[in-house]
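Participant: My structure is below; once you've seen it, I'll send some questions.
The values are calculated or read from the model by the stated rules, or taken from the named source; none is laboratory data. All figures in this text were calculated on a predicted structure; none of them were measured in a lab. Quick reminder, even Gly has a Cβ in these numbers, built from the backbone with ideal geometry, and neighbours come from all protein chains shown.
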Amino acid sequence: QMNFTGDQVLRILAKDEKQLTLLRDLEGLKPQKVDFWRGPARPSLPVDMRVPFSELKDVKDYLKSHGLRYSVMIKDIQVLLDEERDAMAKSRR
Amino acid sequence: LERSSSSFSYSSYHTLDEIYNWMDNFVAEHSNLVSKIHIGNSFENRSILVLKFSTGGSNRQAVWIDTGIHSREWITHATGIWISNKIASSYAKDHLLKKILNAMDIFIDIITNPDGFAFTHSMNRLWRKNKSSQPGISCIGVDLNRNWRTGFGGNGSNKNPCSETYRGPAPESEPEVAAIVEFITNHGNFKALISIHSYSQMVMYPYGHSLEPVPNYYELFNLAKDAVKALNKVHGIQYTFGSISTTLYAASGITVDWAYDTGIKYAFSFELRDTGQYGFLLPASQIVPTAEETWMAIRTIMKHTMNHPY
């Protein structure tokens, strides 16, 4: 199983189409790094993006430098996955 | 492995084998209503199995429901399993459901992307696509919800094989999609299709590949509104609704656009609940409430389909 320790999901609220484009550009800047769980759609909808731990600083700096407001929706994905796996094992027992 | 579906936990997540085993027990225990149909094989040669709920007749009007086309969205498979059990266990008591099943058949494809689903258990929990590969291309997998013929290759999909929304080399190039296309086309009498995804809390109808409204836009708008209202009554969860391209984003080569253009007037895509904390990694404790509310929306759509034959 791949390990996602330290990976985070950031919830970003883009103000306008320009900011949505900046988010779409991120997929090109960081190929196969950022994983959109909710892709850039329209300013009224949040964008949820999974960022590997190794890219977190770069990506957060990018968001800040472009005035993109974000919150941390999932602080450490691996914690959720471990809980899920434990729950499945318990249910099986 | 479980000996009967009654010991199966509908409020837990399960592996591919456990679900296939449940299917066999479930069909055996409800053989008067449920049968299992093998509609094809996946890229890695796993069976694609559909549950058919029928009270008889031949080639009746039918409703198609699929879950798990994006393999990491485990809440959708779990919802499909719960709904299957709900149909079988409440059929005799639920007067409306009995009317629906006396008029139509219901087909549920619970594991629409078996290779991807197996991979989420074995290697990568966050895998979304199928597992197909092409010579000379390093990245694996096609987004099965971008591989359908209608709108294929539009700007709501990606031609980069490494992208999560990679559309594939050609429409219906993926066996998981081709199997459904062949089955629905050969059956020829499907009247509604519901494709269940996660997450965003939306009930949407075509088109995704263009902003142009479909001919019966107004009927679909009102039906989606009724479905969302029925869903909200269960646990108070608010969904938005509308056409895919105006509610979410441009998406090309998607299931519901193909279904609509094939003549299935009542085609809907669900994006299940978003608690704002887990994305599609909903804890198992949310399986039953999510399935309960989703079922009421689906039941609303099926009732409308039954009452508006075409």
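One line per residue, one yes/no per condition, for (1) surrounded by 21 or more Cβ atoms within 10 Å (Cβ to Cβ); (2) in contact with a helix residue (DSSP H, G or I) (Cβ under 8 Å, 6 or more places away or on another chain); (3) not aliphatic (A, V, I, L, M):
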residue: B:Phe270; (1), (2), (3): yes, yes, yes
residue: B:Arg273; (1), (2), (3): yes, yes, yes
residue: B:Gln277; (1), (2), (3): no, no, yes
residue: B:Phe280; (1), (2), (3): yes, yes, yes
residue: B:Pro283; (1), (2), (3): no, yes, yes
residue: B:Ile287; (1), (2), (3): yes, yes, no
residue: B:Ile298; (1), (2), (3): yes, yes, no
residue: B:Met302; (1), (2), (3): yes, yes, no
residue: B:Met306; (1), (2), (3): no, yes, no
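Participant: May I pose another question? Tell me yes or no: at least one residue of the stretch B:254-263 is crowded, with 23+ Cβ neighbours inside 10 Å, under 27 Å from A:Val9 (Cα atoms), in contact with a strand residue (DSSP E or B) (Cβ under 6 Å, 6 or more places away or on another chain) and not β-branched (Val, Ile, Thr).
Facilitator: Among the residues of the stretch B:254-263, not one is crowded, with 23+ Cβ neighbours inside 10 Å, under 27 Å from A:Val9 (Cα atoms), in contact with a strand residue (DSSP E or B) (Cβ under 6 Å, 6 or more places away or on another chain) and not β-branched (Val, Ile, Thr), which makes the answer no.
Participant: May I pose another question? Given the condition assigned to a helix (DSSP H, G or I) and small (Gly, Ala, Ser), answer yes or no: does some residue in the stretch B:150-170 qualify?
Facilitator: no
Participant: Filter the strands (runs of 3 or more DSSP E) completely within the stretch A:26-93 down to those with at least 3 residues that are touching a residue at least 24 places away in the same chain (Cβ under 8 Å), more than 30 Å from B:Ser9 (Cβ to Cβ) and more than 10 Å from chain B (Cβ to nearest Cβ).
Facilitator: Correct list: A:47-51, A:69-74.
Yes or no, residue by residue, for (1) out of contact with any strand residue (DSSP E or B) (no Cβ under 8 Å at 6 or more places or on another chain); (2) surrounded by 15 or more Cβ atoms within 10 Å (Cβ to Cβ):
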| residue | (1), (2) |
| --- | --- |
| B:Ser42 | no, yes |
| B:Arg46 | yes, yes |
| B:Gly56 | yes, no |
| B:Ala62 | no, yes |
| B:Asp66 | no, yes |
| B:Ser71 | yes, yes |
| B:His77 | no, yes |
| B:Gly80 | no, yes |
| B:Ser84 | no, yes |
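Participant: Against the definition (over 23 Å from B:Ser71 (Cβ atoms), within 15 Å of the chain's Cα centre (by Cα), away from every other protein chain (no Cβ under 11 Å) and not small (Gly, Ala, Ser)), how does A:Leu20 come out, yes or no?
Facilitator: No: the conditions fail for A:Leu20.
Participant: Turning to a different aspect of this structure: Out of all the residues in the stretch B:282-307, which are free of Cβ contacts under 8 Å to residues at least 24 places away in the same chain and either closer than 23 Å to B:Ile244 by Cα or not in a helix (DSSP H, G or I) (or both)?
Facilitator: Answer for the stretch B:282-307, where residues must be free of Cβ contacts under 8 Å to residues at least 24 places away in the same chain and either closer than 23 Å to B:Ile244 by Cα or not in a helix (DSSP H, G or I) (or both): just B:Pro283.
Participant: Next up: Give the residues of the stretch B:107-160 that are among the basic types (Lys, Arg), crowded, with 21+ Cβ neighbours inside 10 Å and out of contact with any Asp or Glu (no Cβ under 9 Å at 6 or more places or on another chain), sorted by residue number.
Facilitator: Passing the criteria: only B:Arg146.
Participant: Separate question: Going by the conditions given, is B:Ser243 without any contact (Cβ under 8 Å) to a residue 40 or more places away in the chain and polar (S, T, N, Q)?
Facilitator: Taking the combined requirement at face value, the residue satisfies it.
Participant: Among the residues that make up the stretch B:282-295, is at least one of them within 14 Å of chain A (Cβ to nearest Cβ) and at positive phi?
Facilitator: no
Participant: Go over the candidates A:Lys15, A:Lys33, A:Lys90, A:Lys75 one by one and state the one that is over 20 Å from B:Ser198 (Cβ atoms), modelled with pLDDT of 95 or more and of a type in the set (D, E, K, R).
Facilitator: Answer to the selection: A:Lys75.
Participant: Scan the stretch B:120-137 and report the pairs whose first residue is over 28 Å from A:Ile77 (Cα atoms) and within 12 Å of chain A (Cβ to nearest Cβ) and whose second residue is exposed (fewer than 15 other Cβ atoms within 10 Å of the Cβ) and not small (Gly, Ala, Ser), with Cβ atoms within less than 6 Å and a gap of 6+ or a chain change.
Facilitator: Partner pairs satisfying both residue conditions: none exist.
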